[in-house]
Amino acid sequence: MPLHINTPLIESRPLSAVAERSVWLKMDALQPCGSFKIRGVGHACETHHRHGATHFVSSSGGNAGLAVAYAGRQLGIPVTVVVPKTTSERAKELLNLEGAEVIVHGDSWQEANELALTLMSPEKAFIHPFNDPLLWSGHASLIDEVAQAGQKPDVIVLSVGGGGLLCGIVEGLQRNGWHDVPVIAVETEGAASFHAAVVAGKPVELERIESIATSLGAKRICDQAFQYTNTHQIDSVVVTDQAALDACERFLFDHRVLVEPACGAALSLAYNHHSLVPYRKVLIVACGGATATLAQIRQWIVQP
Ligand SMILES: *Cc1c(COP(=O)(O)O)cnc(C)c1O
(Lines give C-alpha, C1' and ligand atoms only; values in the text may rest on other atoms or scores of the structure.)
Protein backbone atom coordinates (compact mmCIF):
# COMPACT_ATOMS: atom_id res chain seq x y z
CA MET A 1 0.00 0.00 0.00
CA PRO A 2 1.48 3.39 -0.97
CA LEU A 3 1.34 6.23 1.54
CA HIS A 4 -0.65 8.47 -0.80
CA ILE A 5 -4.26 7.98 -1.82
CA ASN A 6 -5.83 7.84 -5.29
CA THR A 7 -7.47 11.28 -5.20
CA PRO A 8 -10.78 12.26 -6.79
CA LEU A 9 -10.68 13.25 -10.48
CA ILE A 10 -13.68 15.45 -11.14
CA GLU A 11 -15.01 17.62 -13.91
CA SER A 12 -15.59 20.98 -12.24
CA ARG A 13 -18.90 22.52 -13.20
CA PRO A 14 -18.11 25.99 -11.80
CA LEU A 15 -14.58 26.16 -13.28
CA SER A 16 -15.78 24.79 -16.63
CA ALA A 17 -18.48 27.45 -16.73
CA VAL A 18 -16.12 30.34 -16.00
CA ALA A 19 -13.34 29.03 -18.29
CA GLU A 20 -15.82 28.24 -21.12
CA ARG A 21 -14.33 24.75 -21.62
CA SER A 22 -14.15 21.43 -19.79
CA VAL A 23 -12.00 21.83 -16.67
CA TRP A 24 -11.01 18.75 -14.69
CA LEU A 25 -9.39 18.73 -11.27
CA LYS A 26 -7.05 16.18 -9.75
CA MET A 27 -7.84 16.84 -6.11
CA ASP A 28 -4.50 16.33 -4.41
CA ALA A 29 -5.51 18.90 -1.81
CA LEU A 30 -7.31 15.88 -0.31
CA GLN A 31 -4.15 13.83 0.29
CA PRO A 32 -3.84 12.87 3.98
CA CYS A 33 -1.24 15.56 4.68
CA GLY A 34 -2.87 18.18 2.50
CA SER A 35 -0.77 18.24 -0.67
CA PHE A 36 0.57 16.14 -3.56
CA LYS A 37 4.00 16.04 -1.81
CA ILE A 38 3.22 12.74 -0.10
CA ARG A 39 3.26 11.00 -3.50
CA GLY A 40 6.98 11.58 -4.06
CA VAL A 41 8.03 11.87 -0.43
CA GLY A 42 6.13 8.70 0.44
CA HIS A 43 7.85 6.83 -2.39
CA ALA A 44 11.28 8.14 -1.34
CA CYS A 45 10.71 7.33 2.35
CA GLU A 46 9.46 3.81 1.60
CA THR A 47 12.48 3.18 -0.63
CA HIS A 48 14.94 4.40 2.03
CA HIS A 49 13.07 2.38 4.68
CA ARG A 50 13.43 -0.78 2.55
CA HIS A 51 17.14 -0.08 2.29
CA GLY A 52 17.50 0.14 6.07
CA ALA A 53 17.14 3.85 6.94
CA THR A 54 16.17 4.30 10.59
CA HIS A 55 15.66 8.09 10.66
CA PHE A 56 14.38 10.69 8.18
CA VAL A 57 15.66 14.28 8.08
CA SER A 58 14.05 17.22 6.26
CA SER A 59 14.73 20.95 6.15
CA SER A 60 11.34 22.01 4.84
CA GLY A 61 8.96 24.01 6.99
CA GLY A 62 6.28 23.51 4.37
CA ASN A 63 4.39 20.69 2.74
CA ALA A 64 7.49 18.59 2.01
CA GLY A 65 8.46 18.53 5.69
CA LEU A 66 4.89 17.66 6.62
CA ALA A 67 4.86 14.80 4.13
CA VAL A 68 8.13 13.44 5.59
CA ALA A 69 6.66 13.69 9.10
CA TYR A 70 3.52 11.87 7.95
CA ALA A 71 5.50 9.16 6.13
CA GLY A 72 7.74 8.63 9.17
CA ARG A 73 4.77 8.24 11.48
CA GLN A 74 3.12 5.76 9.11
CA LEU A 75 6.33 3.73 8.76
CA GLY A 76 7.24 3.95 12.47
CA ILE A 77 10.44 5.90 11.76
CA PRO A 78 11.51 8.99 13.73
CA VAL A 79 11.66 12.25 11.78
CA THR A 80 13.63 15.44 12.42
CA VAL A 81 12.63 18.60 10.58
CA VAL A 82 14.92 21.64 10.82
CA VAL A 83 13.06 24.84 9.96
CA PRO A 84 14.08 28.51 9.85
CA LYS A 85 12.68 31.08 12.30
CA THR A 86 10.42 32.41 9.54
CA THR A 87 8.32 29.22 9.57
CA SER A 88 4.68 29.88 10.46
CA GLU A 89 3.21 28.76 13.78
CA ARG A 90 0.65 26.79 11.83
CA ALA A 91 3.34 24.78 10.04
CA LYS A 92 5.15 24.01 13.31
CA GLU A 93 1.85 22.99 14.92
CA LEU A 94 1.13 20.58 12.03
CA LEU A 95 4.66 19.10 12.24
CA ASN A 96 4.23 18.56 15.97
CA LEU A 97 0.86 16.93 15.35
CA GLU A 98 2.61 14.40 13.08
CA GLY A 99 5.02 13.63 15.93
CA ALA A 100 8.14 15.02 14.23
CA GLU A 101 11.03 16.52 16.18
CA VAL A 102 11.12 20.19 15.12
CA ILE A 103 14.37 22.16 15.41
CA VAL A 104 14.12 25.90 14.71
CA HIS A 105 17.42 27.24 13.39
CA GLY A 106 18.58 30.25 11.37
CA ASP A 107 16.91 33.09 9.51
CA SER A 108 16.62 31.38 6.15
CA TRP A 109 16.06 27.98 4.62
CA GLN A 110 19.77 27.84 3.67
CA GLU A 111 20.81 28.02 7.34
CA ALA A 112 18.23 25.45 8.45
CA ASN A 113 19.35 23.18 5.63
CA GLU A 114 23.02 23.50 6.64
CA LEU A 115 22.21 22.39 10.18
CA ALA A 116 20.08 19.52 8.86
CA LEU A 117 23.00 18.26 6.78
CA THR A 118 25.27 18.19 9.87
CA LEU A 119 22.77 15.82 11.51
CA MET A 120 23.23 13.23 8.78
CA SER A 121 24.80 9.82 9.29
CA PRO A 122 24.75 6.63 7.16
CA GLU A 123 21.56 5.21 8.67
CA LYS A 124 19.66 8.48 8.22
CA ALA A 125 17.96 9.50 4.98
CA PHE A 126 17.74 13.15 3.90
CA ILE A 127 14.56 13.86 1.94
CA HIS A 128 14.91 16.76 -0.49
CA PRO A 129 11.75 18.81 -1.18
CA PHE A 130 12.01 18.71 -4.99
CA ASN A 131 15.35 17.62 -6.46
CA ASP A 132 15.35 13.80 -6.33
CA PRO A 133 14.44 11.20 -9.00
CA LEU A 134 12.71 9.09 -6.30
CA LEU A 135 10.40 12.01 -5.63
CA TRP A 136 9.61 12.49 -9.31
CA SER A 137 8.67 8.87 -9.92
CA GLY A 138 6.37 9.08 -6.88
CA HIS A 139 4.72 12.27 -8.17
CA ALA A 140 4.23 10.54 -11.54
CA SER A 141 1.59 8.31 -9.91
CA LEU A 142 -0.80 11.25 -10.30
CA ILE A 143 -0.76 10.80 -14.08
CA ASP A 144 -0.98 6.99 -13.76
CA GLU A 145 -4.29 7.53 -11.95
CA VAL A 146 -5.61 9.89 -14.63
CA ALA A 147 -4.61 7.38 -17.33
CA GLN A 148 -6.27 4.52 -15.44
CA ALA A 149 -9.44 6.61 -15.30
CA GLY A 150 -9.23 6.93 -19.11
CA GLN A 151 -9.44 10.73 -19.06
CA LYS A 152 -6.77 12.08 -21.39
CA PRO A 153 -6.67 15.89 -21.21
CA ASP A 154 -5.59 18.33 -23.96
CA VAL A 155 -3.33 20.15 -21.50
CA ILE A 156 -2.18 19.92 -17.88
CA VAL A 157 -1.90 22.99 -15.64
CA LEU A 158 0.30 22.85 -12.55
CA SER A 159 2.25 25.08 -10.16
CA VAL A 160 6.05 25.17 -10.11
CA GLY A 161 8.27 25.81 -7.11
CA GLY A 162 11.54 23.89 -7.39
CA GLY A 163 10.14 21.84 -10.24
CA GLY A 164 9.64 18.47 -8.53
CA LEU A 165 5.95 18.28 -9.39
CA LEU A 166 6.71 19.34 -12.98
CA CYS A 167 9.33 16.59 -13.34
CA GLY A 168 6.94 14.03 -11.87
CA ILE A 169 4.07 15.02 -14.16
CA VAL A 170 6.25 14.92 -17.29
CA GLU A 171 7.64 11.53 -16.22
CA GLY A 172 4.07 10.34 -15.72
CA LEU A 173 2.98 11.64 -19.14
CA GLN A 174 5.93 9.98 -20.84
CA ARG A 175 5.53 6.63 -19.07
CA ASN A 176 1.86 6.54 -20.05
CA GLY A 177 2.59 7.35 -23.69
CA TRP A 178 1.06 10.81 -23.42
CA HIS A 179 4.03 12.62 -25.01
CA ASP A 180 1.60 14.86 -26.91
CA VAL A 181 -0.05 16.39 -23.82
CA PRO A 182 1.50 19.83 -23.18
CA VAL A 183 2.02 21.27 -19.70
CA ILE A 184 1.43 24.82 -18.51
CA ALA A 185 3.82 25.65 -15.65
CA VAL A 186 2.41 28.41 -13.44
CA GLU A 187 4.36 30.57 -10.99
CA THR A 188 3.73 33.80 -9.13
CA GLU A 189 5.63 37.03 -9.79
CA GLY A 190 8.60 37.15 -7.44
CA ALA A 191 8.92 33.34 -7.34
CA ALA A 192 9.23 32.69 -11.07
CA SER A 193 12.43 30.62 -11.18
CA PHE A 194 11.19 28.40 -14.02
CA HIS A 195 10.27 31.43 -16.10
CA ALA A 196 13.72 32.92 -15.39
CA ALA A 197 15.35 29.69 -16.59
CA VAL A 198 13.29 29.68 -19.81
CA VAL A 199 14.28 33.29 -20.50
CA ALA A 200 17.99 32.68 -19.70
CA GLY A 201 18.15 29.36 -21.54
CA LYS A 202 19.47 27.65 -18.39
CA PRO A 203 18.55 27.36 -14.70
CA VAL A 204 19.46 30.60 -12.92
CA GLU A 205 19.24 31.71 -9.32
CA LEU A 206 16.77 34.44 -8.33
CA GLU A 207 18.25 37.03 -5.99
CA ARG A 208 15.31 36.84 -3.62
CA ILE A 209 11.78 35.51 -3.34
CA GLU A 210 9.05 38.14 -3.25
CA SER A 211 5.75 36.32 -3.29
CA ILE A 212 3.27 35.25 -0.63
CA ALA A 213 3.14 31.82 -2.33
CA THR A 214 5.92 30.49 -0.08
CA SER A 215 5.55 26.92 -1.34
CA LEU A 216 6.68 28.18 -4.77
CA GLY A 217 9.67 29.98 -3.26
CA ALA A 218 12.63 28.04 -4.68
CA LYS A 219 15.30 30.44 -5.91
CA ARG A 220 16.40 28.01 -8.60
CA ILE A 221 14.58 25.17 -10.32
CA CYS A 222 16.14 21.73 -10.53
CA ASP A 223 18.13 20.98 -13.70
CA GLN A 224 15.80 18.16 -14.76
CA ALA A 225 12.82 20.54 -14.89
CA PHE A 226 14.70 22.75 -17.30
CA GLN A 227 15.96 19.79 -19.34
CA TYR A 228 12.39 18.62 -19.89
CA THR A 229 11.73 21.82 -21.86
CA ASN A 230 13.86 20.23 -24.62
CA THR A 231 11.78 17.05 -24.87
CA HIS A 232 8.28 18.13 -23.83
CA GLN A 233 6.07 21.13 -24.58
CA ILE A 234 6.08 23.15 -21.35
CA ASP A 235 4.66 26.68 -21.46
CA SER A 236 5.50 29.14 -18.70
CA VAL A 237 2.82 31.43 -17.26
CA VAL A 238 3.40 33.93 -14.44
CA VAL A 239 0.46 35.31 -12.41
CA THR A 240 0.25 37.93 -9.67
CA ASP A 241 -0.07 37.07 -5.98
CA GLN A 242 -3.46 38.75 -6.07
CA ALA A 243 -4.67 36.48 -8.88
CA ALA A 244 -3.53 33.45 -6.86
CA LEU A 245 -5.26 34.72 -3.71
CA ASP A 246 -8.42 35.55 -5.61
CA ALA A 247 -8.42 31.99 -6.99
CA CYS A 248 -8.06 30.59 -3.44
CA GLU A 249 -11.13 32.49 -2.33
CA ARG A 250 -13.20 31.60 -5.39
CA PHE A 251 -12.13 27.94 -5.21
CA LEU A 252 -13.20 27.81 -1.56
CA PHE A 253 -16.60 29.07 -2.63
CA ASP A 254 -16.82 26.80 -5.72
CA HIS A 255 -15.44 23.57 -4.25
CA ARG A 256 -15.43 24.13 -0.48
CA VAL A 257 -11.72 23.35 -0.25
CA LEU A 258 -9.13 25.79 1.10
CA VAL A 259 -5.78 25.69 -0.72
CA GLU A 260 -2.53 27.68 -0.47
CA PRO A 261 -1.81 30.53 -2.90
CA ALA A 262 0.79 28.13 -4.41
CA CYS A 263 -2.17 26.08 -5.65
CA GLY A 264 -4.32 29.15 -6.30
CA ALA A 265 -1.72 30.15 -8.90
CA ALA A 266 -2.58 27.11 -11.05
CA LEU A 267 -6.32 27.43 -10.39
CA SER A 268 -6.24 31.11 -11.42
CA LEU A 269 -5.83 30.02 -15.05
CA ALA A 270 -9.41 28.77 -15.02
CA TYR A 271 -10.71 32.03 -13.58
CA ASN A 272 -8.69 34.08 -16.13
CA HIS A 273 -8.74 31.68 -19.01
CA HIS A 274 -6.82 33.38 -21.85
CA SER A 275 -3.91 30.87 -21.53
CA LEU A 276 -6.39 28.02 -22.02
CA VAL A 277 -7.90 29.24 -25.28
CA PRO A 278 -6.31 26.55 -27.53
CA TYR A 279 -7.62 23.69 -25.38
CA ARG A 280 -10.99 21.99 -24.95
CA LYS A 281 -10.27 19.65 -22.05
CA VAL A 282 -8.01 21.02 -19.30
CA LEU A 283 -6.69 19.15 -16.27
CA ILE A 284 -5.57 21.31 -13.34
CA VAL A 285 -3.50 19.71 -10.59
CA ALA A 286 -5.15 20.98 -7.40
CA CYS A 287 -1.91 20.48 -5.48
CA GLY A 288 -3.36 21.78 -2.19
CA GLY A 289 -1.16 22.97 0.68
CA ALA A 290 -1.76 22.35 4.36
CA THR A 291 -0.46 25.61 5.77
CA ALA A 292 -3.25 27.75 4.34
CA THR A 293 -5.60 29.41 6.82
CA LEU A 294 -8.64 31.46 5.91
CA ALA A 295 -7.54 34.28 8.23
CA GLN A 296 -4.14 34.53 6.52
CA ILE A 297 -5.61 34.49 3.01
CA ARG A 298 -8.15 37.19 3.92
CA GLN A 299 -5.39 39.31 5.48
CA TRP A 300 -3.25 39.05 2.33
CA ILE A 301 -6.23 39.97 0.15
CA VAL A 302 -6.98 43.08 2.19
CA GLN A 303 -3.37 44.29 2.56
CA PRO A 304 -1.33 43.27 -0.48
C1 LIG B 1 5.74 22.02 -3.08
C2 LIG B 1 4.52 22.65 -3.57
C3 LIG B 1 4.44 23.19 -4.87
C4 LIG B 1 5.61 23.23 -5.81
O5 LIG B 1 6.15 21.98 -6.05
P6 LIG B 1 7.66 21.83 -6.59
O7 LIG B 1 7.85 20.37 -6.67
O8 LIG B 1 8.55 22.48 -5.58
O9 LIG B 1 7.71 22.52 -7.90
C10 LIG B 1 3.23 23.71 -5.27
N11 LIG B 1 2.16 23.72 -4.45
C12 LIG B 1 2.20 23.22 -3.21
C13 LIG B 1 0.99 23.29 -2.37
C14 LIG B 1 3.38 22.67 -2.72
O15 LIG B 1 3.42 22.17 -1.50
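Annotations
- Helices (runs of 4 or more DSSP H) enclosed by segment 99-204 - at least 3 residues per element that are open to solvent by less than 10 Å² (accessible area, probe 1.4 Å) and closer than 22 Å to Asp223 by Cα: 133-139, 164-175, 193-200
- Candidates Gly150, Gly162, Gly172, Gly138 - the one that is assigned by TED's automatic domain parsing to the domain that holds Ala29, small (Gly, Ala, Ser) and free of Cβ contacts under 8 Å to residues at least 12 places away in the same chain: Gly150
- Of all the criteria given as (1) in contact (Cβ under 8 Å) with a residue 40 or more places away in the chain; (2) within 16 Å of the ligand (Cβ to nearest atom), the one not satisfied by Val57 is (2).
- From Gly72, Gly40, Gly65, residue being closer than 22 Å to Gly162 by Cα and touching a strand residue (DSSP E or B) at 6+ places or on another chain (Cβ under 9 Å): Gly65
- Matching strands (runs of 3 or more DSSP E) fully within segment 1-62 where at least 2 residues are buried (at least 21 other Cβ atoms within 10 Å of the Cβ): 22-26, 55-58
- Test set (1) more than 18 Å from the chain's Cα centre (by Cα); (2) more than 13 Å from the ligand (Cβ to nearest atom); (3) closer than 25 Å to Tyr279 by Cβ - Ala200 fails condition number: (3)
The values are calculated or read from the model by the stated rules, or taken from the named source; none is laboratory data. Quantities reported herein were computed from a predicted structural model and do not represent experimental measurements. Here the Cβ is made from the backbone with ideal geometry for all residues, glycine too, and neighbour counts use every protein chain on show. Surface accessibility is based on the protein's heavy atoms, side chains included, excluding ligands, DNA and RNA. Shrake-Rupley method; radii C 1.70, N 1.55, O 1.52, S 1.80 Å.
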